[in-house]
1. Residue check: is N224 surrounded by 18 or more Cβ atoms within 10 Å (Cβ to Cβ), of a type in the set (S, T, N, Q) and in a loop (DSSP other than H, G, I, E, B)?
2. Sort out which residues of the stretch 39-73 are among the small types (G, A, S) and under 17 Å from E115 (Cβ atoms), and write them in order of number.
3. Could you check the stretch 176-198 and list, in sequence order, the residues that are in contact (Cβ under 8 Å) with a residue 24 or more places away in the chain and over 24 Å from K51 (Cα atoms)?
4. List the helices (runs of 4 or more DSSP H) inside the stretch 229-335, counting only whole elements, that have at least 2 residues being loosely packed, with under 14 Cβ neighbours inside 10 Å, under 21 Å from the mean Cα position of the chain (by Cα) and hydroxyl-bearing (S, T, Y).
5. State the number of residues belonging to the stretch 189-209 that are assigned to a helix (DSSP H, G or I) and surrounded by fewer than 23 Cβ atoms within 10 Å (Cβ to Cβ).
6. In the stretch 78-87, is there at least one residue being in a helix (DSSP H, G or I), surrounded by 10 or more Cβ atoms within 10 Å (Cβ to Cβ), of a type in the set (S, T, N, Q) and modelled with pLDDT of 90 or more?
Amino acid sequence: MNPQDLHHLWLHLKYNLVCVITCSAILVFGSTVYIMTRPRSIYLIDYSCYKPPSNLTVKFNKFIQHSKLKGDFDESSLEFQRKILERSGLGEETYLPEAMHKIPPTPNMASAREEAEQVMYGALDNLFANTKIKPKQIGILVVNCSLFNPTPSLSTMIVNKYKLRGNIRSFNLGGMGCSAGVIAIDLAKDMLQVHRNTYAVVVSTENITQNWYFGNKKSMLIPNCLFRVGGAAVLLSNKGSDKRRAKYKLVHVVRTHKGADDKAFKCVYQEQDDVGKTGVSLSKDLMAITGGALKTNITTLGPLILPVSEQLLFFTTLVVKKLFNAKAKPYIPDF
């Protein structure tokens, strides 16, 4: 092989080496960007629901008897509450806080704190015991309770009780009603996308003690019949190693905010009645507004979860209805 051939071979190898290095660099850079920016999988490791002690059980008859002894309700209000209880779907094994079992009731701050502590700590103790997770491992804490928001906050009470670490991301959601459970999960999901290799705990509850209504306005009596002691704690993780033991994987969270609509804004409203007694009023529009929000959510969720065949059927019938036959029934996807 002459020197000219060797020179051509060197140029060929040199050119290929530059291509290989360039392609490798692009591949490594692209893979790094993808790994760094792709959404992390969120896993639900376990959850725990608080069950109060049996002495806090409230039978329907006991509920009505205590309401009579409290002396705040007229006969019409008592009969209204009896009908709501019978039609509500609640059983005879629901619970009220200890303060509401006393005659007279003691709806003070100390009793409300005691209820919150029993519910939150009861659910968390069971969650930590079942998952074998140490409190110090928790990196994100989200607590939601619509009506009871003391200072220090409920989330701070949990931090103090379990001596959680100083750099924990802690959030306390209030005044957001029944939707706050889903909102809290959504917030925890967003935080787990930002902070790597950690756990998030979501605690969802409501507090009865200071929010019992002692008046006679019908729309404000309904929460007395529906709300009971309860709470849940959920453990979420973004660790790949938790995939095998997780109960669920979080895929989609969809929320529609109807607060811009005046009827929706007023459908669950904390206020005082004509004699100055505070309670939460549930309007007659509540079910219609809830149904509208659910319809919007399902419409948003459909394209994310339905197979292409169902989406094509829905789209085809929609086109037929719009262009050819306005009376044609729209296709309802098989969820």
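The values are calculated or read from the model by the stated rules, or taken from the named source; none is laboratory data. What you are looking at is a predicted structure, and each value in this text was computed from that prediction instead of being measured. Cβ placement follows ideal geometry from the backbone for every residue including glycine, while neighbour counts extend to all protein chains displayed.
1. So N224 does not fit the description; no.
2. Within the stretch 39-73, S54 is the sole residue that qualifies.
3. Hits for the stretch 176-198 are D186, L187, A188, K189, M191, L192, Q193, H195, R196, N197, T198.
4. Details: elements: 262-266, 286-305, 308-323.
Those helices (runs of 4 or more DSSP H) span 286-305.
5. Qualifying residue count, the stretch 189-209: 5.
6. For the stretch 78-87, residues in a helix (DSSP H, G or I), surrounded by 10 or more Cβ atoms within 10 Å (Cβ to Cβ), of a type in the set (S, T, N, Q) and modelled with pLDDT of 90 or more: present.
A quick yes/no check of all residues on (1) closer than 23 Å to L124 by Cβ; (2) of a type outside the set (G, A, S); (3) in contact (Cβ under 8 Å) with a residue 12 or more places away in the chain:
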residue: W212; (1), (2), (3): no, yes, yes
residue: F227; (1), (2), (3): yes, yes, yes
residue: S241; (1), (2), (3): yes, no, no
residue: V254; (1), (2), (3): no, yes, yes
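Listed here are the residues, each with its yes/no results for (1) polar (S, T, N, Q); (2) surrounded by 15 or more Cβ atoms within 10 Å (Cβ to Cβ); (3) free of Cβ contacts under 8 Å to residues at least 40 places away in the same chain.
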residue: Y50; (1), (2), (3): no, yes, no
residue: N61; (1), (2), (3): yes, no, yes
residue: E75; (1), (2), (3): no, no, yes
residue: E93; (1), (2), (3): no, no, yes
residue: M120; (1), (2), (3): no, yes, no
residue: I133; (1), (2), (3): no, yes, no
residue: L147; (1), (2), (3): no, yes, no
